[in-house]
Amino acid sequence: MAKLEGTTPNLAPDEPRVPMPAKAKPGRLFYSGVAALVLVLMLLGFQQYYVHGKGFPGRDIAPPMQTLVLMHAIAMTTWVVLSLVQPLLIANGRRRVHMAVGRFGAVLAVWVVVLGSWVAIRGAALVPPEERIWGLAPKPFNLFAVVQIVSFGLFVGVGVYYRRRPDLHRPMMLMATLTVIGAAVARIAPLNALYEGTVLQTIFGPDLWTLVLATLLLVVKCFIIRSFDRWFALGYGCLVASHLLVWWVANTDAWERLATQLL
């Protein structure tokens, strides 16, 4: 009987089978791409520090803060670099290395929270009280920064707890990074000049472009995987809600009194 066209001939029992190439998962490099973008934003926002060792906008860092700021900068830079490396390890099948680096990352996250809070608290005592930062006095603004750093820790904590659930782990770790990268984005003057002094500043404070970035990432992620990512959307919702709520509360008299007592 003639062999039908298009059929696959049976292989002999001892004939080796050629493995089919693994199909690339859509969006598997999404998180590394985002981390690369975040790294660029961090370098742009803190270029005065990286290049000249100065604060924003070109202000000298007080001698009592220099070592502390250096430690904080090292911790944050390492965190962003790890955010870039970790997804690449998974994409290349280096899961064991990813897990080992993840343990270091969990410890590093604790240091980011401790050092970031310490920088904000010490900085509140050194900035002249009459100075205004995004419309807030130094102590209320720095307490706002402390709360955002704690939010970073909460996101990381959820991500670490669900480390065996990639669909939940990855968006939580990304939202943690977006939470703290806002400090860099807020220092990119050309971006902030677009809405500084407008009603948008009153509503969003220094976090407008961070929230815009998070919104675009949600849209891009859903487009890439061609479905709605509910866990990414949940992390996005928590990020937006926490940023807006904390900023609105930070502009109240009660917040100013609390900051004065605590800092």
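Values computed for the structure shown
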read-out	value
Angle in degrees between helix 30-45 and the longest Cα principal axis of the chain, rounded to the nearest 10	30
Net charge dipole size for the chain [Lys, Arg +1 and Asp, Glu -1 on Cβ; Debye, nearest 20]	880
For segment 34-175, alpha-carbon Rg over 2.2 N^0.38 Å	1.15
Two-site label geometry, Gln47 and Val249: point separation in nm, points 7 Å out along Cα→Cβ	3.6
Using alpha-carbon coordinates, inclination of helix 253-262 to the longest axis of the chain, degrees	90
Rounded Å value of the spacing that divides the Cα centres of segment 146-167 and segment 213-263	14
Inter-probe distance in nm under a simple model that places probes 7 Å from Cα toward Cβ, at Leu154 and Arg59	2.8
Listed candidates (1) 7, 30, 33, 21, 8, 1; (2) 6, 27, 32, 18, 8, 4, 3, 2, 1, 0; (3) 7, 30, 36, 19, 6, 1 - label of the one calculated as P(r) over Cα pairs in 10 Å bins from 0, in percent	(2)
Estimated [θ] at 222 nm from DSSP helical runs (n ≥ 4, -39500 (n - 2.57)) normalised by residues in the chain, nearest 500	-23500 deg cm²/dmol
Quarter of the Cα convex hull surface for segment 108-263, i.e. its orientation-mean projected area (nm²)	9.9
Cα shape, segment 174-263, gyration tensor, a/c 1.5 rule	prolate
Sparsely packed trypsin sites (Lys or Arg not before Pro) within segment 198-260, loop by DSSP, other Cβ within 10 Å at most 15	Arg226
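Just so you know, all these numbers are worked out from the coordinates, no wet-lab data involved. Not measured: the values here are computed from a predicted model. FYI the Cβ positions are ideal-geometry reconstructions off the backbone, even for glycines, and counts take in every protein chain you see.
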